[in-house]
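Q: Sharing a structure below in structure tokens format, with a few things to ask.
Throughout, read-outs are computed from the coordinates displayed, never taken from laboratory work. Just so you know, these numbers come straight off a predicted model, no measurement behind them. All Cβ positions, glycine included, derive from the backbone under ideal geometry; neighbour counts span all protein chains shown.
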Amino acid sequence: MIYLDNAATTRMEPGVLNAMLPYFEEYYGNPSASYTFAEKSRDAVEYAREIIADFIGADPEEIIFTSGGTEADNMAIKSFTWKSSDRWVYTSPIEHKAILNSLPYKALKGEVDSNGVLKPSGFYVMPGDLFSLMYANNELGTIQPIKEIAQQCRTEGVYVHTDAVQAFGHIPINVKDLGVNMMSVSAHKMGGPKGIGFLYISSDTPMSPFISGGGQERFMRAGTENVPAIVGFGKAVEIIKPVVQERYDKMKETRDYFEDKMVDEISDIVINAKSVERLPGHSSITIRGIKAEELLEYLNQNEIYASSGSACNTGDEHPSHVLKAIGLTDEEANSTLRFTLNHENTKEEMDRVVKIVKEFVMNKRS
Ligand code: PLP
């Protein structure tokens, strides 16, 4: 098979499962218990927290483990606005549904250009408000100028959250350098297990608890920690840390090769967001006159796995809100496929994908 849906989820890094296994049957103590046996689990959670914090230049206490990216996004918006209900939230129209469906009624969405980059807006912001803007888009791969926006927000006393679910582990990120107050991350998008993620919350960001109960995760997110998953997440970060740049370069080269070949071999296609900074493995391609769902089924029959939009929208008959926001018509949006590579994909695999896509397109257009 050729797997090209790494934005939906990734295979766990070799070594992650083995790191997790002892925490199911051997060291199964509750990290909150006070006896020596539980120290093993507690130490493992804190070790993972340190590894992860170090990777993004944060303090370990600023990492709040969650069940994944969706929960981290919900926490960022809700725990922030619950603290003071007169706060407004500003965001973009191309955020993940985990943000868009969490917005309070005092929320404003800006506009993006044809590449998915946020346009400067005429919003009248007030100190204490929140700006939430994704680091990189899950359908296009477009990277936003977060650092510049965060700098500007800080001078106006506005807090900044970024959803870095797609970017984390694929490009280097330092939260202090970036200047954000909050950042959402999910482990299963970068070789870690599913069902675990975190929200980075800088120590100077006022927040209400998200899940009430015991005192876990600094009272922000009560509930016994998912120890094996946290351990696996830490292990995945340890594995990728030294190879982020190397993998970035390899993925980008293969992705660019694929796009060049698609353009050479198939007429009337558009590579979306090609002219701006993008994640190295993302490729969003509109093939005019073709129904993406039919092509995906043909690819599926040939054991090539890609998608038409975000995995969370599978089964949704409406054209992608991201593609609509960058100005595509319904027809163009429904003719758009998302291929997301990882560092293991090869040029030979890309040759095969182009061949199969071309076969389908020629057949439809003849
Ligand atoms: N945010 C973005 C940008 C995503 O791409 C996703 C998943 O596709 C999420 C949030 C949700 O993450 P999770 O699947 O861990 O809940």
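Q: Can you sort V117, V16 by how many other beta carbons sit within 10 Å, fewest first? Intermediate results must be reported in sequence, preceding the final value.
A: Details: V117 19, V16 23.
Fewest-to-most ranking of V117, V16: V117, V16.
Q: Quick one: what are the phi-derived ³J(HN,Hα) couplings along region 324-335, Karplus 6.51/-1.76/1.60 with θ = phi - 60°, whole Hz, x for glycine and proline?
A: 5, 5, 8, x, 6, 6, 4, 5, 5, 4, 6, 10
Q: By count of other Cβ within 10 Å, fewest leading, how are L17, L337, L279 ordered?
A: On the way: L17 13, L337 22, L279 27.
Fewest-to-most Cβ neighbours within 10 Å comes out as L17, L337, L279.
Q: I would also like to ask the following. What is the dipole size for region 124-191, taken about its Cα centre, with +1 at each Lys and Arg Cβ and -1 at each Asp and Glu Cβ, in debye to the nearest 20? Don't jump to the answer; show the numbers that get you there.
A: Values: 4 positive and 6 negative charges, 38 e Å.
The dipole magnitude comes to about 180 debye.
Q: Give the dimensionless ratio obtained when the Cα radius of gyration of the chain is divided by 2.2 N^0.38 Å.
A: In units of the globular-protein estimate, the chain measures up at 1.02.
Q: If you don't mind, another one. Most exposed first by the Cβ proxy, i.e. fewest other Cβ within 10 Å, how do F55, F80, F37 rank? Numbers along the way, then the final one.
A: Working: F55 20, F80 26, F37 11.
If I rank by nearby Cβ atoms, fewest first, I get F37, F55, F80.
Q: Follow-up. Quick check on the chain: helices-only [θ] at 222 nm, where DSSP H runs of length 4 and up contribute -39,500 (n - 2.57) each and the sum goes over total residues. Nearest 500, please.
A: Details: 13 runs with 137 residues, N = 366.
Value at 222 nm, helices only, nearest 500: -11000 deg cm²/dmol.
Q: Before anything else, pin down the relative contact order of region 211-366: Cα pairs under 8 Å, at least 6 apart, normalised by residue count, whole percent.
A: On the way: 158 pairs, mean separation 40.3, N = 156.
Normalised by residue count, the contact order of region 211-366 is 26 percent.
Q: If you don't mind, there's one more thing I want to ask. So how much slack lies between V263 and K176, counting 0.36 nm per residue of separation and subtracting their Cα-Cα distance, in nm?
A: Working: separation 87, 0.36 × 87 = 31.32 nm, distance 3.98 nm.
So the chain would gain 27.3 nm between V263 and K176.
Q: Can you list the residues, at least 5 places off or on another chain, whose amide H is less than 5 Å from the amide H of I2, using H built in the peptide plane?
A: I304, Y305
Q: What's the extension gain from D256 to S366 if we count 0.36 nm per residue and subtract their Cα-Cα distance? Present the calculation step by step, with values, prior to reporting the outcome.
A: Numbers: separation 110, 0.36 × 110 = 39.60 nm, distance 2.81 nm.
Taking 0.36 nm per residue and subtracting the Cα distance, the gain is 36.8 nm.
Q: Give the residue from T224, N6, N300 lying farthest towards the positive end of the charge dipole for the chain; charges sit on Cβ (+1 for Lys and Arg, -1 for Asp and Glu) and the dipole is referred to the Cα centre.
A: T224
Q: Using only the Cα atoms, work out Rg/Rh for region 254-366, with Rh taken as the Kirkwood radius, to two decimals.
A: Rg/Rh for region 254-366 comes to 0.92.
Q: Would you grab the residues whose amide H sits under 5 Å from the one on D163? Only those 5+ places off in sequence or on another chain, please, with H modelled 1.01 Å from N.
A: L133, M134, Y135, S184
Q: Let me ask something else about it. Run the dipole for region 76-212 about the Cα centre, Lys and Arg Cβ at +1, Asp and Glu Cβ at -1, nothing else charged, and hand back the magnitude in debye, nearest 20.
A: Working: 12 positive and 11 negative charges, 68 e Å.
The dipole of region 76-212 has a size of about 320 debye.
Q: Ok, one more. Over region 115-198, consider all pairs of different Cα atoms and compute the Kirkwood hydrodynamic radius from their mean reciprocal separation; express it in Å, one decimal. It would help to have the intermediate numbers written out before the result.
A: Working: mean 1/r = 0.0739 Å⁻¹.
Hydrodynamic radius (Kirkwood, Cα only) of region 115-198 equals 13.5 Å.
Q: Let me ask something else about it. Projected onto the charge dipole of region 134-187 (+1 at Lys/Arg Cβ, -1 at Asp/Glu Cβ, origin at the Cα centre), which of I149, G169, G179 gives the Cα projection farthest towards the positive end?
A: Of I149, G169, G179, it is G179.
Q: Give me the lysines in straight-line cross-link reach of K291: C-alpha distance below 20 Å, same-chain residues under 8 apart excluded.
A: Straight-distance partners of K291: K324, K355, K358, K364.
Q: Here is a further query. Would you work out which of V160, M207, A136 lies farthest towards the positive end of the dipole of region 129-277? Charges go on Cβ: Lys and Arg +1, Asp and Glu -1.
A: M207
Q: May I pose another question? Counting only C-alpha contacts under 8 Å and six or more residues apart, can you give the relative contact order of the chain as a whole percent? Each step should come with its number before you reach the end.
A: On the way: 713 pairs, mean separation 84.2, N = 366.
The value is 23 percent.
Q: May I have the convex hull volume per residue, in Å³, for the Cα set of region 1-99? List each step's numbers first, then the result.
A: Numbers: hull volume 17.1 nm³, N = 99.
Dividing the Cα hull volume of region 1-99 by its residues yields 173 Å³.
Q: Now, a different point. How many angstrom lie between the C-alpha centres of region 37-107 and region 340-366?
A: Their Cα centres are 37 Å away from one another.
Q: If you plug each phi of region 195-204 into the Karplus form 6.51 cos²θ - 1.76 cosθ + 1.60 with θ = phi - 60°, what whole-Hz ³J(HN,Hα) values come out, in order, with x for Gly and Pro?
A: Using θ = phi - 60°, the values come out as x, 9, x, 7, 10, 7, 10, 5, 4, 9 Hz.
Q: Moving on. Mean Kyte-Doolittle hydropathy of 1.0 or higher plus an axial Cα length of 18 Å or more: which whole DSSP H helices in the chain meet both?
A: On the way: long enough: 36-56 (31 Å, -0.13); 69-83 (21 Å, -0.60); 227-240 (20 Å, 1.62); 244-265 (31 Å, -1.84); 347-365 (26 Å, -0.75).
Both cut-offs are met by 227-240.
Q: Now, a different point. With charges only on Cβ, +1 for K and R and -1 for D and E, what is the dipole size of the chain about its Cα centre, in debye, rounded to 20? Please report the intermediate quantities before stating the final value.
A: Numbers: 37 positive and 52 negative charges, 83 e Å.
That gives a dipole near 400 debye.
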